[in-house]
Amino acid sequence: MQAVLVRDNKGPAENLYIGEVPKPALESGQVLVKVKAFGLNRLDLLQREGKYPPPPGASPILGVEFAGVISELGPNTTKWTIGDEVMGLAGGGAYAEYIAIPQTHVMNKPSHLSWVEAASIPEVFLTGDIVLDSHCGPVDSPVAFQALFLLADLKPGEDLLVHAGASGVGVAAAQLARTFGARHVIATTSTQEKIDWLKNINNGPTVVANYKIQDFAVVVKEVTNNRGVDVVVDFVGQSHWNQNLDALALDGRMVMLGLLSGADVASANIGFILRKRLRIQGSTLRSRSAEYQADLIRHERALHLITAQTGNGTVRTYIHKVYPWTEIHAAHKEMEANNNSGKIVVEIV
(Lines give C-alpha, C1' and ligand atoms only; values in the text may rest on other atoms or scores of the structure.)
Protein backbone atom coordinates (compact mmCIF):
# COMPACT_ATOMS: atom_id res chain seq x y z
CA MET A 1 0.00 0.00 0.00
CA GLN A 2 0.96 3.66 -0.16
CA ALA A 3 1.53 5.78 2.92
CA VAL A 4 2.96 9.15 3.90
CA LEU A 5 6.52 8.55 5.07
CA VAL A 6 9.26 10.76 6.50
CA ARG A 7 12.54 10.86 4.63
CA ASP A 8 15.49 10.17 6.96
CA ASN A 9 12.85 9.22 9.60
CA LYS A 10 12.57 12.79 10.84
CA GLY A 11 12.81 16.35 9.65
CA PRO A 12 10.87 19.33 8.27
CA ALA A 13 7.62 19.17 6.32
CA GLU A 14 9.59 18.89 3.08
CA ASN A 15 10.73 15.43 4.22
CA LEU A 16 7.22 14.03 3.87
CA TYR A 17 6.58 11.88 0.81
CA ILE A 18 4.24 9.13 -0.39
CA GLY A 19 5.96 5.76 -0.58
CA GLU A 20 5.26 2.01 -0.59
CA VAL A 21 4.99 -0.03 2.61
CA PRO A 22 3.49 -3.46 3.37
CA LYS A 23 -0.24 -3.56 4.04
CA PRO A 24 -0.80 -4.29 7.76
CA ALA A 25 -1.49 -7.89 8.76
CA LEU A 26 -4.51 -8.27 11.01
CA GLU A 27 -4.29 -9.63 14.53
CA SER A 28 -7.10 -11.08 16.60
CA GLY A 29 -9.89 -8.60 17.19
CA GLN A 30 -8.66 -6.12 14.59
CA VAL A 31 -10.24 -4.66 11.46
CA LEU A 32 -8.56 -3.30 8.34
CA VAL A 33 -9.93 0.07 7.26
CA LYS A 34 -9.44 1.57 3.81
CA VAL A 35 -8.80 5.20 4.76
CA LYS A 36 -10.70 7.94 2.95
CA ALA A 37 -9.50 10.94 4.97
CA PHE A 38 -7.43 11.70 8.07
CA GLY A 39 -7.14 14.64 10.44
CA LEU A 40 -3.98 16.57 11.28
CA ASN A 41 -2.88 17.09 14.88
CA ARG A 42 0.14 18.75 16.45
CA LEU A 43 1.39 15.41 17.66
CA ASP A 44 1.90 14.52 13.97
CA LEU A 45 4.26 17.47 13.58
CA LEU A 46 6.19 16.50 16.69
CA GLN A 47 6.48 12.87 15.63
CA ARG A 48 7.69 13.97 12.19
CA GLU A 49 10.40 16.04 13.90
CA GLY A 50 11.51 13.07 15.99
CA LYS A 51 10.23 14.58 19.25
CA TYR A 52 7.31 12.25 19.95
CA PRO A 53 7.71 8.55 19.12
CA PRO A 54 4.53 6.45 18.87
CA PRO A 55 3.63 4.29 21.87
CA PRO A 56 4.98 0.70 21.95
CA GLY A 57 3.21 -1.52 19.46
CA ALA A 58 1.70 1.34 17.45
CA SER A 59 2.42 1.88 13.76
CA PRO A 60 5.40 4.19 13.11
CA ILE A 61 3.36 5.85 10.34
CA LEU A 62 1.94 9.25 11.31
CA GLY A 63 -1.71 9.87 12.07
CA VAL A 64 -4.15 9.13 14.90
CA GLU A 65 -7.63 9.89 13.49
CA PHE A 66 -9.30 8.78 10.29
CA ALA A 67 -12.50 7.85 8.47
CA GLY A 68 -12.93 5.00 6.00
CA VAL A 69 -14.50 1.67 5.06
CA ILE A 70 -13.82 -1.70 6.72
CA SER A 71 -12.25 -3.92 4.07
CA GLU A 72 -11.10 -6.97 6.07
CA LEU A 73 -11.85 -8.62 9.42
CA GLY A 74 -9.24 -10.25 11.63
CA PRO A 75 -9.77 -13.43 13.67
CA ASN A 76 -12.32 -13.16 16.49
CA THR A 77 -13.77 -9.92 15.16
CA THR A 78 -17.49 -9.86 15.94
CA LYS A 79 -18.63 -6.24 16.01
CA TRP A 80 -18.21 -5.17 12.37
CA THR A 81 -18.81 -6.36 8.82
CA ILE A 82 -16.95 -5.65 5.59
CA GLY A 83 -18.25 -2.46 4.01
CA ASP A 84 -19.12 -0.69 7.27
CA GLU A 85 -18.34 3.03 7.19
CA VAL A 86 -16.39 4.04 10.30
CA MET A 87 -14.18 6.64 11.92
CA GLY A 88 -11.54 5.84 14.44
CA LEU A 89 -8.80 6.74 16.89
CA ALA A 90 -5.38 5.08 16.64
CA GLY A 91 -1.93 5.20 18.19
CA GLY A 92 -0.52 5.76 14.70
CA GLY A 93 -0.86 4.68 11.09
CA ALA A 94 -3.67 6.89 9.73
CA TYR A 95 -1.54 8.54 7.01
CA ALA A 96 -1.95 5.48 4.80
CA GLU A 97 -4.29 3.74 2.37
CA TYR A 98 -5.07 1.10 5.01
CA ILE A 99 -4.91 0.98 8.79
CA ALA A 100 -5.20 -2.04 11.11
CA ILE A 101 -6.95 -1.17 14.35
CA PRO A 102 -8.73 -2.92 17.23
CA GLN A 103 -12.44 -3.27 16.59
CA THR A 104 -13.05 -1.33 19.82
CA HIS A 105 -11.32 1.77 18.44
CA VAL A 106 -13.69 2.51 15.56
CA MET A 107 -17.18 4.02 15.60
CA ASN A 108 -19.95 4.13 13.02
CA LYS A 109 -19.59 7.11 10.72
CA PRO A 110 -22.76 9.21 10.96
CA SER A 111 -24.41 9.06 7.55
CA HIS A 112 -24.96 12.82 7.44
CA LEU A 113 -21.22 13.53 7.68
CA SER A 114 -18.80 13.52 4.75
CA TRP A 115 -15.56 11.55 4.95
CA VAL A 116 -13.69 14.79 5.67
CA GLU A 117 -16.07 15.83 8.44
CA ALA A 118 -15.96 12.37 10.01
CA ALA A 119 -12.15 12.35 9.98
CA SER A 120 -12.13 15.63 11.92
CA ILE A 121 -14.02 14.22 14.91
CA PRO A 122 -12.25 11.41 16.85
CA GLU A 123 -9.19 13.19 18.24
CA VAL A 124 -10.90 16.54 18.80
CA PHE A 125 -14.22 15.55 20.31
CA LEU A 126 -13.07 12.42 22.14
CA THR A 127 -9.59 13.45 23.11
CA GLY A 128 -7.68 16.49 21.97
CA ASP A 129 -4.50 17.74 20.40
CA ILE A 130 -0.79 17.77 21.17
CA VAL A 131 1.22 20.67 22.44
CA LEU A 132 4.97 20.93 22.90
CA ASP A 133 6.68 21.67 26.16
CA SER A 134 10.10 23.06 25.28
CA HIS A 135 11.54 21.66 28.51
CA CYS A 136 9.76 18.37 29.02
CA GLY A 137 8.75 17.27 25.52
CA PRO A 138 5.28 16.69 24.14
CA VAL A 139 2.25 16.24 26.30
CA ASP A 140 -1.00 14.65 25.16
CA SER A 141 -4.07 16.79 25.71
CA PRO A 142 -7.41 14.98 25.87
CA VAL A 143 -9.67 18.01 25.83
CA ALA A 144 -13.19 18.04 24.57
CA PHE A 145 -14.79 15.01 26.18
CA GLN A 146 -12.27 13.48 28.53
CA ALA A 147 -10.97 16.70 30.08
CA LEU A 148 -14.30 18.45 30.50
CA PHE A 149 -16.44 15.63 31.81
CA LEU A 150 -14.21 12.81 33.04
CA LEU A 151 -11.43 14.88 34.61
CA ALA A 152 -12.82 18.33 35.43
CA ASP A 153 -16.36 17.07 36.09
CA LEU A 154 -17.90 20.15 34.48
CA LYS A 155 -21.52 20.52 35.62
CA PRO A 156 -24.52 22.42 34.22
CA GLY A 157 -24.50 26.03 35.36
CA GLU A 158 -20.72 26.18 35.84
CA ASP A 159 -18.27 28.48 34.05
CA LEU A 160 -15.36 27.38 31.85
CA LEU A 161 -12.15 29.00 30.61
CA VAL A 162 -10.54 27.22 27.66
CA HIS A 163 -7.31 28.27 25.96
CA ALA A 164 -6.46 27.82 22.24
CA GLY A 165 -10.08 28.70 21.55
CA ALA A 166 -9.84 28.73 17.75
CA SER A 167 -8.21 25.31 17.48
CA GLY A 168 -10.31 22.30 16.60
CA VAL A 169 -10.10 21.23 20.22
CA GLY A 170 -11.02 24.65 21.59
CA VAL A 171 -14.06 24.89 19.35
CA ALA A 172 -15.20 21.39 20.31
CA ALA A 173 -14.74 22.11 24.02
CA ALA A 174 -16.76 25.32 23.85
CA GLN A 175 -19.62 23.68 21.97
CA LEU A 176 -19.75 20.62 24.20
CA ALA A 177 -19.61 22.71 27.37
CA ARG A 178 -22.48 24.92 26.24
CA THR A 179 -24.50 21.98 24.96
CA PHE A 180 -24.24 20.24 28.32
CA GLY A 181 -25.28 23.32 30.25
CA ALA A 182 -22.24 25.49 31.05
CA ARG A 183 -23.24 29.06 31.89
CA HIS A 184 -20.30 31.04 30.53
CA VAL A 185 -17.59 29.70 28.21
CA ILE A 186 -14.64 32.07 27.98
CA ALA A 187 -12.02 31.30 25.34
CA THR A 188 -8.62 32.82 24.64
CA THR A 189 -6.88 33.21 21.31
CA SER A 190 -4.18 35.37 19.76
CA THR A 191 -5.56 37.46 16.87
CA GLN A 192 -8.57 39.65 16.11
CA GLU A 193 -9.27 37.51 13.04
CA LYS A 194 -9.70 34.43 15.22
CA ILE A 195 -11.79 36.36 17.73
CA ASP A 196 -14.15 37.47 14.96
CA TRP A 197 -14.36 33.92 13.64
CA LEU A 198 -15.16 32.49 17.07
CA LYS A 199 -17.91 35.06 17.63
CA ASN A 200 -19.66 33.82 14.50
CA ILE A 201 -19.51 30.06 14.91
CA ASN A 202 -22.53 28.09 16.02
CA ASN A 203 -22.80 27.67 19.81
CA GLY A 204 -19.24 28.89 20.33
CA PRO A 205 -17.73 30.61 23.36
CA THR A 206 -19.79 33.31 25.01
CA VAL A 207 -16.76 35.58 25.48
CA VAL A 208 -13.36 35.64 23.73
CA ALA A 209 -10.19 37.30 25.06
CA ASN A 210 -6.94 38.07 23.24
CA TYR A 211 -4.34 36.76 25.69
CA LYS A 212 -1.59 38.75 23.99
CA ILE A 213 -3.09 42.13 24.90
CA GLN A 214 -5.59 41.32 27.67
CA ASP A 215 -5.30 39.90 31.17
CA PHE A 216 -7.75 37.05 30.74
CA ALA A 217 -8.20 36.73 34.52
CA VAL A 218 -9.62 40.26 34.52
CA VAL A 219 -11.96 39.32 31.67
CA VAL A 220 -13.09 36.23 33.60
CA LYS A 221 -13.90 38.30 36.69
CA GLU A 222 -15.86 40.82 34.64
CA VAL A 223 -17.94 38.05 33.08
CA THR A 224 -18.53 36.11 36.32
CA ASN A 225 -19.20 39.09 38.63
CA ASN A 226 -15.78 38.61 40.28
CA ARG A 227 -16.51 34.96 41.13
CA GLY A 228 -14.11 33.24 38.71
CA VAL A 229 -14.54 30.12 36.59
CA ASP A 230 -15.15 26.63 37.91
CA VAL A 231 -12.96 24.92 35.31
CA VAL A 232 -9.84 25.89 33.34
CA VAL A 233 -8.52 23.76 30.47
CA ASP A 234 -4.92 24.80 29.81
CA PHE A 235 -2.41 23.87 27.11
CA VAL A 236 0.06 26.66 27.78
CA GLY A 237 1.65 26.25 31.20
CA GLN A 238 4.23 28.73 32.45
CA SER A 239 3.00 32.02 30.93
CA HIS A 240 -0.64 31.38 31.88
CA TRP A 241 -0.10 29.81 35.32
CA ASN A 242 -0.60 32.84 37.56
CA GLN A 243 -3.56 34.19 35.58
CA ASN A 244 -5.16 30.74 35.59
CA LEU A 245 -5.00 30.51 39.39
CA ASP A 246 -6.30 34.06 39.68
CA ALA A 247 -9.18 33.26 37.30
CA LEU A 248 -10.38 30.15 39.16
CA ALA A 249 -13.31 30.27 41.57
CA LEU A 250 -13.53 28.67 45.01
CA ASP A 251 -13.25 24.88 44.60
CA GLY A 252 -12.14 25.40 40.99
CA ARG A 253 -10.53 22.66 38.89
CA MET A 254 -7.76 23.05 36.32
CA VAL A 255 -6.82 20.34 33.84
CA MET A 256 -3.25 20.71 32.53
CA LEU A 257 -2.89 19.29 29.05
CA GLY A 258 0.26 20.86 27.68
CA LEU A 259 3.12 23.25 28.32
CA LEU A 260 3.52 25.36 25.19
CA SER A 261 5.27 28.15 27.06
CA GLY A 262 7.37 25.88 29.27
CA ALA A 263 7.17 24.07 32.61
CA ASP A 264 9.18 26.34 34.93
CA VAL A 265 7.19 29.05 36.73
CA ALA A 266 9.73 31.41 38.27
CA SER A 267 7.36 33.19 40.65
CA ALA A 268 3.92 31.95 41.62
CA ASN A 269 1.45 32.63 44.40
CA ILE A 270 0.57 29.08 45.37
CA GLY A 271 -1.51 30.46 48.22
CA PHE A 272 -4.37 30.53 45.70
CA ILE A 273 -4.37 26.73 45.78
CA LEU A 274 -5.02 26.65 49.51
CA ARG A 275 -7.33 29.63 49.85
CA LYS A 276 -9.53 28.59 46.94
CA ARG A 277 -9.27 24.83 47.59
CA LEU A 278 -8.17 24.31 43.98
CA ARG A 279 -7.74 20.95 42.28
CA ILE A 280 -5.07 20.78 39.57
CA GLN A 281 -4.66 17.68 37.42
CA GLY A 282 -2.49 16.72 34.49
CA SER A 283 -3.39 14.15 31.86
CA THR A 284 -2.16 12.24 28.83
CA LEU A 285 -4.05 9.90 26.51
CA ARG A 286 -1.92 8.46 23.71
CA SER A 287 0.20 6.52 26.19
CA ARG A 288 -2.81 5.11 28.06
CA SER A 289 -3.87 1.51 27.67
CA ALA A 290 -5.96 0.28 24.77
CA GLU A 291 -8.63 -0.67 27.32
CA TYR A 292 -8.83 2.88 28.66
CA GLN A 293 -9.10 4.34 25.15
CA ALA A 294 -11.76 1.83 24.16
CA ASP A 295 -13.77 2.68 27.26
CA LEU A 296 -13.53 6.39 26.46
CA ILE A 297 -14.87 5.75 22.96
CA ARG A 298 -17.65 3.54 24.29
CA HIS A 299 -18.87 6.16 26.77
CA GLU A 300 -18.62 9.19 24.51
CA ARG A 301 -21.85 11.17 24.93
CA ALA A 302 -21.81 13.75 22.14
CA LEU A 303 -21.30 11.82 18.91
CA HIS A 304 -24.97 11.75 18.01
CA LEU A 305 -25.15 15.55 18.43
CA ILE A 306 -22.43 16.40 15.91
CA THR A 307 -23.67 17.79 12.61
CA ALA A 308 -21.91 18.85 9.44
CA GLN A 309 -20.21 22.22 9.27
CA THR A 310 -23.25 23.58 7.41
CA GLY A 311 -25.77 21.78 9.64
CA ASN A 312 -28.21 23.19 12.17
CA GLY A 313 -27.14 21.20 15.23
CA THR A 314 -25.82 22.60 18.48
CA VAL A 315 -22.46 20.86 17.96
CA ARG A 316 -20.73 21.11 14.59
CA THR A 317 -17.40 20.12 13.19
CA TYR A 318 -15.49 23.04 11.69
CA ILE A 319 -13.00 22.43 8.88
CA HIS A 320 -10.32 25.04 8.27
CA LYS A 321 -8.98 23.53 5.03
CA VAL A 322 -8.89 20.24 3.13
CA TYR A 323 -5.73 19.07 1.34
CA PRO A 324 -5.15 16.13 -1.01
CA TRP A 325 -2.52 13.87 0.49
CA THR A 326 -0.20 14.73 -2.38
CA GLU A 327 0.07 18.13 -0.64
CA ILE A 328 0.72 16.78 2.85
CA HIS A 329 3.77 19.01 3.30
CA ALA A 330 1.61 22.10 2.72
CA ALA A 331 -0.93 20.87 5.27
CA HIS A 332 1.81 20.49 7.88
CA LYS A 333 3.15 23.95 7.12
CA GLU A 334 -0.31 25.44 7.56
CA MET A 335 -0.55 23.97 11.06
CA GLU A 336 3.02 24.93 11.92
CA ALA A 337 2.19 28.54 11.04
CA ASN A 338 -0.80 28.40 13.44
CA ASN A 339 -3.05 29.64 10.64
CA ASN A 340 -5.95 27.29 11.24
CA SER A 341 -9.30 28.09 12.80
CA GLY A 342 -10.86 24.65 13.07
CA LYS A 343 -9.49 21.36 11.75
CA ILE A 344 -7.09 20.62 8.91
CA VAL A 345 -8.07 17.42 7.11
CA VAL A 346 -6.34 15.45 4.33
CA GLU A 347 -8.08 13.31 1.70
CA ILE A 348 -6.48 10.25 0.14
CA VAL A 349 -6.98 10.75 -3.60
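The values are calculated or read from the model by the stated rules, or taken from the named source; none is laboratory data. Computed from a predicted model, the values in this text were never measured in an experiment. Cβ sites come from the backbone with ideal geometry, for glycine too, and all protein chains shown count toward neighbours. For the accessible areas, the whole protein counts, side chains as well, though only heavy atoms, and no ligand, DNA or RNA atoms are used. Shrake-Rupley method; radii C 1.70, N 1.55, O 1.52, S 1.80 Å.
What are the extents of the Cα atoms of the chain along their three principal axes, in Å, largest first?
58, 40, 35
For region 35-117, take the convex hull of the Cα atoms, compute a quarter of its surface area, and give me that in nm², please. Let's see the in-between values first.
Working: hull surface 22.1 nm².
Approximately 5.5 nm², given one-decimal rounding.
Would you please put 159-171, 253-265 in order of how densely packed they are, using the mean number of other Cβ atoms within 10 angstrom per residue and starting with the highest? Write out the running numbers ahead of the final one.
Numbers: 159-171: 29.1, 253-265: 20.7.
Highest to lowest by the protection proxy: 159-171, 253-265.
So what's the back-of-envelope 222 nm ellipticity for the chain, counting only DSSP H runs of four-plus at -39500 (n - 2.57) apiece and dividing by all residues, rounded to 500?
Working: 9 runs with 70 residues, N = 349.
After summing the helix terms and dividing by residue count, I get -5500 deg cm²/dmol.
Report the paramagnetic label zone for R275: residues of region 244-259 whose backbone N is under 19 Å from a point 7 Å from Cα along the Cα-to-Cβ axis.
Residues 244-254 fall inside that zone.
At a Förster radius of 22 Å, what calculated FRET efficiency corresponds to the Cβ-Cβ distance of L150 and L250, to the nearest 0.05?
Given R0 = 22 Å and the Cβ-Cβ separation, E is 0.50.
Could you work out how much longer the chain between D196 and N339 gets when fully extended? Use 0.36 nm per residue separation minus the Cα distance between them, nm to one decimal.
Details: separation 143, 0.36 × 143 = 51.48 nm, distance 1.43 nm.
In short, 50.1 nm is gained.
May I ask what percent, to the nearest 5, of DSSP beta bridges between residues of the chain are antiparallel? It would help to have the intermediate numbers written out before the result.
On the way: 35 of 62 bridges.
Beta bridges within the chain, antiparallel portion: roughly 55 percent.
Among G157, A90, S28, which residue has its Cα positioned farthest towards the positive end of the charge dipole of the chain, with +1 placed on the Cβ of Lys and Arg, -1 on the Cβ of Asp and Glu, and the dipole taken about the Cα centre?
G157
Could you do me a favour and compute the accessible area per residue for region 159-282, 1.4 Å probe, result in Å²? Intermediate results must be reported in sequence, preceding the final value.
Details: 5050 Å² over 124 residues.
On a per-residue basis, region 159-282 sits at 41 Å².
Give, to the nearest whole percent, the P(r) tail of region 1-50 beyond 19 angstrom, counting all Cα pairs. Each step should come with its number before you reach the end.
On the way: 494 of 1225 pairs.
Of all Cα-Cα distances in region 1-50, 40 percent exceed 19 Å.
Evaluate the Kirkwood expression for the hydrodynamic radius of region 159-282, namely the inverse of the mean inverse distance over all pairs of different C-alpha atoms, and round to one decimal in Å. Before the final figure, lay out the partial values.
On the way: mean 1/r = 0.0700 Å⁻¹.
For region 159-282, inverting the mean 1/r across all distinct Cα pairs yields 14.3 Å.
Where the accessible area of the chain is counted over protein heavy atoms with a 1.4 Å probe, how much of it, in %, is carbon and sulfur?
Result for the chain: 50 percent of the exposed heavy-atom area is carbon or sulfur.
Beyond a 18 Å Cα-Cα separation, which of these cross-linked pairs lie in this structure: K194/K321; K34/K333; K34/K343? Before the final figure, lay out the partial values.
Working: K194/K321 15 Å; K34/K333 26 Å; K34/K343 21 Å.
Pairs exceeding 18 Å: K34/K333; K34/K343.
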